[in-house]
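Below is one structure; the comments refer to it alone.
The values are calculated or read from the model by the stated rules, or taken from the named source; none is laboratory data. Because the structure is a prediction, the values reported are computed rather than measured. Cβ sites come from the backbone with ideal geometry, for glycine too, and all protein chains shown count toward neighbours.
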Amino acid sequence: MSKRVVIQDTEPNAYKAMFGLEKYLATSNLDILLIELIKIRASQINGCAYCIEIHTKDAITNGETHRRIFALSAWWESPLFSEKEKVVLKMTEEITLITEKGLTETTYSEAEKFFSEHEIAQIIMQIGTINLWNRIAVSTHLMHKI
């Protein structure tokens, strides 16, 4: 792969703004494992190996099981995820793949059964933020040091 811009070095204020979003998101009341499922699933869809590596490690550190992480790419068929988690994963897919149909009325209505308006807003912000991180990492060929 060719060398690409290192945004953190070239435009440090952009990274400061992203970390500002992360600081806000850290104040949410959402379960940490739910947040990590959002981050892993969006990263899988976007093909971001860098973020998949980070967030699977974080999920395991926070108590997520390997079995559920392995099943995440087929969550809708897996009995390992609760209905609440499945709604969030559906939201993650619909928002990540926004041009297909966006966040549907059906999915939004299902989310309202489990989450307050504030929590739905936080979920949407979590999904949007990881999608931006994925786009930064993929477009700049960001990789972990081996």
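Some notes on this structure:
- Residue list for the range 1-60, restricted to those being touching a residue at least 60 places away in the same chain (Cβ under 8 Å) and of a type in the set (S, T, N, Q): Ser2, Ser28, Asn29, Ser43, Asn46
- Boolean, Lys101 is touching a Ser or Thr at 6+ places or on another chain (Cβ under 9 Å), under 24 Å from Trp133 (Cα atoms) and of a type in the set (Lys, Arg): no
- Residue satisfying all of: in the range 106-118; out of contact with any Lys or Arg (no Cβ under 6 Å at 6 or more places or on another chain) and aromatic (Phe, Trp, Tyr); surrounded by the most Cβ atoms within 10 Å (Cβ to Cβ) among these: Phe115
- Flag for Ala121 being buried (at least 18 other Cβ atoms within 10 Å of the Cβ), in a helix (DSSP H, G or I), free of Cβ contacts under 8 Å to residues at least 60 places away in the same chain and among the small types (Gly, Ala, Ser): no
- Within the span defined as the range 67-81, every residue fails to be under 27 Å from Gln8 (Cβ atoms), surrounded by 18 or more Cβ atoms within 10 Å (Cβ to Cβ) and modelled with pLDDT of 95 or more.
- Residues in the range 21-62 that are assigned to a helix (DSSP H, G or I) and small (Gly, Ala, Ser): Ala42, Ser43, Ala49, Ala59.
- The residues listed here are Leu89, Leu97; of these, the one that is surrounded by fewer than 16 Cβ atoms within 10 Å (Cβ to Cβ), modelled with pLDDT of 95 or more, closer than 24 Å to Ala137 by Cα and under 13 Å from the mean Cα position of the chain (by Cα) is Leu97.
- Only a single item in (1) among the β-branched types (Val, Ile, Thr); (2) surrounded by fewer than 18 Cβ atoms within 10 Å (Cβ to Cβ); (3) farther than 27 Å from Glu11 by Cβ is not met by Thr140, and it is number (3).
- Condition check for Ile136: in a helix (DSSP H, G or I), at pLDDT below 95 and within 30 Å of Val6 (Cβ to Cβ): yes
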